């Protein structure tokens, strides 16, 4: 199915698929191609409206009977780490950050496979081979970086892994107003390091140093155990009802899994604010 806005990118809707977050529900996505000389401008504009990037596509959930998936971002200037998060930062002082271009390596893929096999063996990426992994990393029309975290010999989280061991990787888009964490994965044997949380904390520091106001975390889903960790970050906003708002008490959003109505696709597309491209 296709929906269009005059003189604008074309929007499409996927067929319903089993929801990966809420059991027994189906997900559907609204998406458009991300390509050409205006790709960065389009990505910036739609990211501010709850869209996410996957390779050369921008998408956001558009389910028929549910609006539980809400884009989440952290206000960098207002963020204050909790006591637990401060301890985590100290615990991982032995990790060295290395930012590279969007280029996949076999070492990254090996870590990716270990992560999937241990954490998401039944997920949609479980069968991804090295060529598909390379496409996920390298097929980007915008400014994207691969952020690696390596042991430097100081033994992160008191677990010996050896000097220069690749502990975590994050595929990160650079937006005009922040950093978007497209996908991250890490060594599943380093349980005590809480590397998923640490990667977010470190990206907050990167954004602060660069003067960028937001960290985009993808979707937060009330009622999904997979997404609970995002609500533990202070200064967290969610995109709900067409506006960004403070998350407040996460329990207040549980009923979004059972809305009385969902706006038709045509109305959703009509409300998307698009940049004015030169023609």
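The values are calculated or read from the model by the stated rules, or taken from the named source; none is laboratory data. Just so it is clear, the model here is predicted, and its values are computed rather than measured. Please note: Cβ atoms are built from the backbone with ideal geometry, for glycine as well, and neighbour counts cover all protein chains shown.
In the stretch 29-65, of all residues being within 15 Å of residue 221 (Cβ to Cβ) and part of a loop (DSSP other than H, G, I, E, B), the one that is modelled with the lowest pLDDT corresponds to 65. Being more than 19 Å from the chain's Cα centre (by Cα) and surrounded by fewer than 16 Cβ atoms within 10 Å (Cβ to Cβ) is a property that does not hold for residue 94. Return yes or no: is residue 39 in contact (Cβ under 8 Å) with a residue 60 or more places away in the chain and in contact with a helix residue (DSSP H, G or I) (Cβ under 6 Å, 6 or more places away or on another chain)? No; evaluated as a whole, the condition is false for this residue.
Listed here are the strands (runs of 3 or more DSSP E) enclosed by the stretch 195-249 that have at least 2 residues being modelled with pLDDT of 95 or more, in contact with a strand residue (DSSP E or B) (Cβ under 9 Å, 6 or more places away or on another chain) and under 10 Å from residue 74 (Cα atoms): 214-220, 236-240. For the stretch 157-177, the condition of being part of a helix (DSSP H, G or I) and either buried (at least 22 other Cβ atoms within 10 Å of the Cβ) or over 18 Å from the mean Cα position of the chain (by Cα) (or both) holds for at least one residue.
One line per residue, one yes/no per condition, for (1) over 21 Å from the mean Cα position of the chain (by Cα); (2) under 19 Å from residue 267 (Cα atoms):
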{"residue": "13", "(1), (2)": "no, yes"}
{"residue": "43", "(1), (2)": "no, no"}
{"residue": "48", "(1), (2)": "no, yes"}
{"residue": "56", "(1), (2)": "no, no"}
{"residue": "68", "(1), (2)": "no, yes"}
{"residue": "79", "(1), (2)": "no, no"}
{"residue": "82", "(1), (2)": "yes, no"}
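Taking the criterion of being farther than 15 Å from residue 204 by Cα, assigned to a strand (DSSP E or B) and in contact with a helix residue (DSSP H, G or I) (Cβ under 7 Å, 6 or more places away or on another chain), the only residue of the stretch 79-109 that qualifies is 95. Which of (1) in contact (Cβ under 8 Å) with a residue 24 or more places away in the chain; (2) surrounded by 14 or more Cβ atoms within 10 Å (Cβ to Cβ); (3) part of a helix (DSSP H, G or I) does residue 113 not meet, given it meets every other one? Of the numbered conditions (1) in contact (Cβ under 8 Å) with a residue 24 or more places away in the chain; (2) surrounded by 14 or more Cβ atoms within 10 Å (Cβ to Cβ); (3) part of a helix (DSSP H, G or I), the odd one out for residue 113 is (1).
Yes or no, residue by residue, for (1) surrounded by fewer than 18 Cβ atoms within 10 Å (Cβ to Cβ); (2) over 28 Å from residue 15 (Cβ atoms):
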residue: 189; (1), (2): yes, yes
residue: 221; (1), (2): no, no
residue: 228; (1), (2): yes, yes
residue: 234; (1), (2): yes, yes
residue: 237; (1), (2): no, yes
residue: 248; (1), (2): yes, yes
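Within the stretch 185-194, work out how many residues are touching a strand residue (DSSP E or B) at 6+ places or on another chain (Cβ under 8 Å) and touching a residue at least 60 places away in the same chain (Cβ under 8 Å). Looking only at that region, the number is 4. For the stretch 147-174, a tally of residues being at pLDDT 80 or above and more than 22 Å from residue 46 (Cα to Cα) returns 11.
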